[in-house]
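Each reported figure results from applying straightforward, stated rules to the coordinates on display, with no laboratory input. Only a predicted model underlies this, so the values are computations on that prediction, with no experimental measurement involved. Heads up, the Cβs are rebuilt from the backbone with ideal geometry, glycines too, and the neighbour counts pull from every protein chain shown.
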Amino acid sequence: MIKVIYLNLMNLIIQNADIDNIYEIQSLIYHTIDNNFVKIYSQSVISYLKSYHSIQSISDDISNGYCIIGKINNSIVATGTLINNYIKSLYVNPLFQRKGIGSIIINYLEQYAINNNVKEILIDATIGSENFYVKLGYKIMELKRWKINDSIYMNYYEIKKIITNE
């Protein structure tokens, strides 16, 4: 699947991720984590988030889920992954945020879920990203804490959306 979207004089190409994209996807994720989370989470949490998106994990996501990328000028600027009814990741290069790209990626993930008879999508949203999802119709269920180790926790929001084909 390759789809070209014209977005503010930029051609955004949405396509399925493949094994050849793994290192560029990881680089995008790490860059976004470093840029967006430094004021929100401790360095220990940032390290944990990066380890969560290891090369093996990204490879598994591509093999076992629906993993897409958004490209502009042949560079990956966004990625999103849906595993069953769980959006495991959504990352947009900070230089391309607030341009509608994240919403486009979410729309593709939701449409894939609908096409596969998924009725509800779950997301563990990092602190600071929850309003983005609320604007897209997601509901915040609860603020949760993930235990990273004996002394470090990561706060996040559990959110969900009921989806239909209407």
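On the beta carbon distance between Asn155 and Tyr112, with R0 = 30 Å, the FRET formula returns roughly 0.55.
When the Gaussian network model of the chain links Cα atoms closer than 10 Å, the mean-square fluctuations of Leu122, Leu82, Leu136 top out at Leu136. The Cβ shell under 10 Å around Lys144 holds other residues with a net charge of -2, Lys and Arg each +1, Asp and Glu each -1.
Can you tell me the convex hull volume per residue for the chain, based on C-alpha atoms, in Å³ to the nearest whole number? Walk me through the numbers before you get to the answer.
Details: hull volume 19.7 nm³, N = 166.
That works out to 119 Å³ per residue.
Rounded to the nearest 20 debye, the dipole magnitude of the stretch 2-162 is 480 debye, with +1 charges on Lys and Arg beta carbons, -1 on Asp and Glu beta carbons, and the Cα centre as origin.
Within a 10 angstrom radius of the beta carbon, how do Leu95, Leu12 rank from fewest other beta carbons to most?
Working: Leu95 10, Leu12 21.
Fewest to most other Cβ atoms nearby, the residues stand as Leu95, Leu12.
Restricting the trypsin sites (Lys or Arg not before Pro) of the stretch 1-105 to loop positions (DSSP other than H, G, I, E, B) with no more than 11 neighbouring Cβ atoms within 10 Å leaves Lys39, Arg98. A dipole drawn for the chain from +1 and -1 charges on Cβ atoms has a positive end, and of Ile46, Val118, Tyr133 the residue lying farthest that way is Tyr133.
Were the residues from Asn73 through Met10 laid out at 0.36 nm apart, the gain over their Cα-Cα distance would be 21.8 nm. Separation of the stretch 24-76 and the stretch 94-125, taken as the distance between their Cα centroids, equals 16 angstrom. Extension gain, Ile55 to Glu24, is 10.1 nm, computed as 0.36 nm per intervening residue step minus the present C-alpha separation.
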